[in-house]
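Remarks on the structure that follows.
The values are calculated or read from the model by the stated rules, or taken from the named source; none is laboratory data. Everything quoted here is computed from the prediction, not taken from an experiment. Glycine also receives a Cβ, built like all others from the backbone with ideal geometry; neighbour counts cover every protein chain displayed.
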Amino acid sequence: MIVRDLNKARETDRLISTEGWDSTRLLLADDNMGFSFHVTRIKAGTSHVFHYKHHLEAVFCIEGEGQIKDLATGEVHEIKPGVIYALDKNDKHELSAKSQITFACTFNPPVTGNEVHREDGSYAPAAEVAAE
Ligand code: 9YT
């Protein structure tokens with residue numbers, strides 16, 4: 001069994017911080033669960049374009065409000081506590097936070113912890129990260 005505490009994990013290198021968001025990776029590829037599990041906070045007033053071309057991601061809003069735009073169709077969806085979105089088609093999207101948003105996110109295949117966002121908003125596939 002694996003037991004981890006978000007507040008303790010935030011004091012370790014499981015916390016990845018960038019200008020407009022941070023993410024604490026509570027479960028990673030080496031936990032062998034078949035997915036990774038992250039708690040992500042998006043700063044109020046920021047917008048981000050992500051395109052996980054090599055990962056499927058499901059994202060559940062715990063707190064905060066904003067919008068997600070499907071960049072292929074232009075469709076906009078409201079984000080508020082209780083809403084989940086699943087990027088089942090590796091959908092390129094823009095996430096905008098009106099207030100600070102906290103999400104619980106899962107990635108399949110699991111993130112290894114060594115990924116950085118590439119220019120195109122994606123993470124490299126796991127095989128490429130392992131080879132680096
Ligand atoms: C909301 C969202 O896209 N979260 C993704 C997790 C984050 N990019 C991470 O942990 O790398």
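Restricting to segment 10-47, count the residues that are of a type in the set (A, V, I, L, M) and surrounded by fewer than 16 Cβ atoms within 10 Å (Cβ to Cβ).
Of the residues in segment 10-47, 3 are of a type in the set (A, V, I, L, M) and surrounded by fewer than 16 Cβ atoms within 10 Å (Cβ to Cβ).
Just checking, how many residues over segment 21-59 are under 13 Å from the mean Cα position of the chain (by Cα) and within 14 Å of residue 102 (Cβ to Cβ)?
Of the residues in that region, 12 qualify.
What single numbered condition from (1) part of a strand (DSSP E or B); (2) closer than 12 Å to residue 95 by Cα; (3) over 12 Å from the mean Cα position of the chain (by Cα) fails to hold for residue 62?
Result: residue 62 passes all but (2).
Under the condition of being more than 12 Å from the ligand (Cβ to nearest atom) and farther than 12 Å from residue 111 by Cα, which residue from segment 10-42 is modelled with the lowest pLDDT?
Per the stated criteria, the residue is 19.
Which ones in segment 68-89 are part of a strand (DSSP E or B) and exposed (fewer than 15 other Cβ atoms within 10 Å of the Cβ)?
76, 77, 78, 84, 86
Test of understanding: among 41, 4, which residue is touching a strand residue (DSSP E or B) at 6+ places or on another chain (Cβ under 8 Å) and assigned to a strand (DSSP E or B)?
The unique qualifying residue is 41.
Considering only residues that are modelled with pLDDT of 95 or more and of a type in the set (Gly, Ala, Ser), which ones fall in segment 89-117?
Correct list: 96, 97, 99, 104.
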